[in-house]
RNA sequence: GGGCAAUUAGCUCAGUUGGCCAGAGCGCGGCGUUCACAUCGCCGAGGUCGCAGGUUCGAGCCCUGCAUUGCCCACCA
């Protein structure tokens, strides 16, 4: 087949993907007896489009899974999408606002219907984009976090945790987002620095400071450190009357070690309802708590004349009032403090006390390795004891530190999109309440005095369901409909779960280590008694070309993979994303990298073009090595294949790709293909090409498969995607070494003739049989007039080889080369001296490993021989 | 406040357990195009591996300190 001159990816990629899908090569086979390899794809949020970040993880995981298939494993890469409760909910609410309505007006059912419609459309787009990236996932097992079977798993885990007392419902201080009107977890908050005014007010006999005067209406406790001498005369429980915003209040003195005597005046008033630290102080001393700000961010009636005002509006007015009362002592306008913001929706978080559902991380209720442990302890244990390995290892510290600071996890959300909390309540006329938690709604038994069961209106944190992802996706969906089966039955009877769990590796970004990875470990160990995965590979973020974050506020900084792919090809994008990139480290987007990799695809393409034209008329055959070059390329191929194989297995993708890149470009294209033009070995060329295509396939699946399909005797049934890692024929090391010498001679010849402008030179040599055999080759590669064997003669001797070779360059021209020789001589002398002095060092001889010493001796011997040659040449010039 | 990382060629970055004269891509200088590829070939220049100590026969790599940059966590009213 005639291939066009350059590789045009857009012409082949979609057909190639369709070919793979048709062949079924991506489908896992739990019934097989092969070794397993499984990855759960981190489900992208169904918000519409894939980013470069998605492109990166799809590439990394695709490399792993394609390579696992090449190793003959039964590989499962399970794809899916996430309902992304908060993100999608916020998006739909924004749409409604723009249409001049809101969710309360249209109602829960209509809202959910509309959201379902939106995500169904997004999902289609996104799945298409995953295919465009070449992702070889098992589409027959596509999952969605809101699937019925997954919902069953969510309810099972909720129930199991509830029964174990790990999930409880209680009044706790939570992070409230007044914009989205929901709680968010600690991890979903980001802090931004803000400059504010720091006010100091007179409060009875004390001075107190605050940046938030609007929370101070209900303050009736002053707190100070028990050992603060300045306030020693005040005792815990002392009361006094202070003039305050809306008149006098009676305040009580409290002593607590949470107060930092060095900060401000060392005295503060507390607002337990709207501050976590204050809440904890209030709990310790059994103090009253009062709500000041409502859930819409407006002041409550306690604020008197300010009631109903949003806090931003009220703040200056309150300050003004206190000033007029003469209570304002100081204003510091340069106060820098952190403001907590919801990562989604950017609402300013207002701590509130609220009745919510929590996961208790400190209750010893988990049966792990025969002991009752807390969720925290299990989280620590599995990483500490090596059940789970993090790559890179340094994230283990980050992980442990996070666990140390971990508080109970608030899992209920006041949004509509998501898994509904599986709890029902009913109320008695006497005011008592009954709670029911279960997989299915309770039946109304019409008991006297009780009203009907009502389901909790809240939904669960998205991460509660994605925490189950590695195994909830492996539950057989049919079995999950059968409620006579327990969760354990489901696990035992689901073939996929039995075959693929725990998954081999979890590959994801370090930025969701806490959100997701840690929570998968938490929930999965609890629910199944197994870890979710054995290895966690964490990749870094992709930043803009200037090293800053890609951000919506700078639209020009965002690169859309779908803009890159048509122009440069998916393969180029994939390789650009892994080239020179190490785990856990961020990378900057670079157009030069993508060009380099597009060029690499073209290089592969043209190697194939050449080989196909050179082997058109020959029989396929096995490909026996004949020439020195043949042996050399086989040796290099073997070494490269081994290294790539090992590096991929050990998650060193950049290294693996580097090896491939240099083998293809430096060894195969620059030397072997050129050599084969003199002494063609078509069968071997063909087999080398096939091996290379297999080795390159995990990195560049499209171009390699496109080429593969053009090879003689290939049919659509034989895709490259299903080929096993190549077996390389044995090569003779001695002959390979001969070709290395040829390379050395050619390189030096090129250097000399280039720097002297001496074209058409002739190379002579004496008594070297393998050089005679490679004479034509040297002549061509060195662009020489001739290469000839003679007994002796004059000219410019080569110094990089111990064989006697010289170029027929006359003394006058060669004289210009004297400086080069001199430099070379000095370098070589330095090298010999270094090696010699190392060997004369007695402690080196006695302490360094023998093989290292031997190596040094050999090096010295070689260096000495070369030095002799150079100095001989140098003397001739003198 | 606590922690993690980075600092290597003009730029962006590799360098796996310490073992020869430190690597890549891009960029730069020179030469080159019938014969797979100008998305190309050939030749070359360019680095006291942030600074200062230490351990070692031997340090870009290990230890200590310092400097600069980035990030994470916590958060004091």
Hey, got the Cα dimensions of chain A along the principal axes, in Å, largest first? 116, 66, 57
Put one equal scatterer on each alpha carbon of region A:12-87, apply the Debye formula with no solvent term, and list log10 I(q)/I(0) at q = 0.19, 0.21 1/Å to two decimals. -0.94, -1.07
With Cα coordinates, the longest principal axis of chain A makes an angle with the long axis of helix A:653-662, in degrees rounded to 10, of 20
Under 8 Å for C-alpha pairs, at least 6 residues apart: give me the relative contact order for chain A, rounded to a whole percent. 13
Just the number, please: percent antiparallel of the DSSP beta bridges in chain A, rounded to the nearest 5. 70
Rounded to whole Å and sorted largest first, list the principal axis extents of the Cα atoms in region A:1-152. 62, 44, 24
Between residue A:51 and residue A:3, Cβ-based FRET efficiency (R0 30 Å, step 0.05) works out to 0.35
What whole-number distance in Å separates the alpha-carbon centres of region A:169-196 and region A:305-352? 17
Between region A:198-250 and region A:828-878, the alpha-carbon center distance in angstrom: 81
Part-to-part distance (alpha-carbon centres) for region A:543-563 and region A:778-796, which is given in Å: 56
Let me check the size of region A:724-878 from its C-alpha atoms; what are the radius of gyration and Dmax in Å? 18.4, 60
At 7 Å along Cα-to-Cβ for each site, give me the label-to-label distance between residue A:332 and residue A:556 in nm. 4.1
Principal axis lengths of region A:168-270 from Cα atoms, whole Å, largest first? 45, 31, 26
Rounded to whole Å, sorted largest first: equivalent-ellipsoid semi-axes of region A:346-408, Cα gyration tensor: 27, 19, 7
What FRET efficiency would be calculated for the residue pair residue A:394, residue A:848, taking the C-beta separation as r and a Förster radius of 25 Å, to the nearest 0.05? 0.20
When ranked by the protection proxy of mean other Cβ atoms within 10 Å per residue, highest first, what sequence do the peptides A:167-177, A:15-25 form? A:167-177, A:15-25
Tell me what chain A gives for mean residue ellipticity at 222 nm when only DSSP H runs of n ≥ 4 count, each as -39,500 (n - 2.57), the sum divided by the residue total, rounded to 500 deg cm²/dmol. -13000 deg cm²/dmol
What ranking, highest mean first, results for peptides A:594-603, A:827-836, A:845-854 when packing means the other Cβ atoms within 10 Å averaged over each residue? A:594-603, A:827-836, A:845-854
Order of A:446-459, A:77-90 by packing, highest average Cβ count within 10 Å first? A:77-90, A:446-459
How long are the semi-axes of the ellipsoid equivalent to region A:677-749, from square roots of 5 times the Cα gyration tensor eigenvalues, in whole Å, largest first? 30, 13, 13
Restricting things to alpha carbons, tell me how big region A:586-722 is in terms of Rg and Dmax, in Å. 15.1, 50
Given all pairs of different Cα atoms, what value in angstroms does the Kirkwood hydrodynamic radius of region A:416-540 take? 17.0
Using alpha-carbon coordinates, inclination of helix A:52-70 to the longest axis of chain A, degrees: 60
Measure nothing fancy, just the Cα-based angle from helix A:628-649's long axis to the longest principal axis of chain A, in degrees from 0 to 90, nearest 10. 10
Please state the shape class of region A:82-225: rounded when a/c is under 1.5, otherwise prolate if a/b exceeds b/c and oblate if not, all from the C-alpha gyration tensor. prolate
For the pair residue A:722 and residue A:284, the simple spin-label estimate (label points 7 Å beyond Cα toward Cβ) gives in nm 6.9
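Among A:337, A:539, A:104, A:631, which comes first, second and so on when ranked by fewest other beta-carbon atoms within 10 Å? Provide the component values of the computation, followed by the final result.
On the way: A:337 12, A:539 27, A:104 9, A:631 22.
Going from least to most buried by this count: A:104, A:337, A:631, A:539.
Throughout, read-outs are computed from the coordinates displayed, never taken from laboratory work. As the structure is a prediction and not an experimental result, all values here were calculated from the model. When we count neighbours, we look across all protein chains shown, and the Cβ atoms used for this are built from the backbone with ideal geometry, even at glycine.
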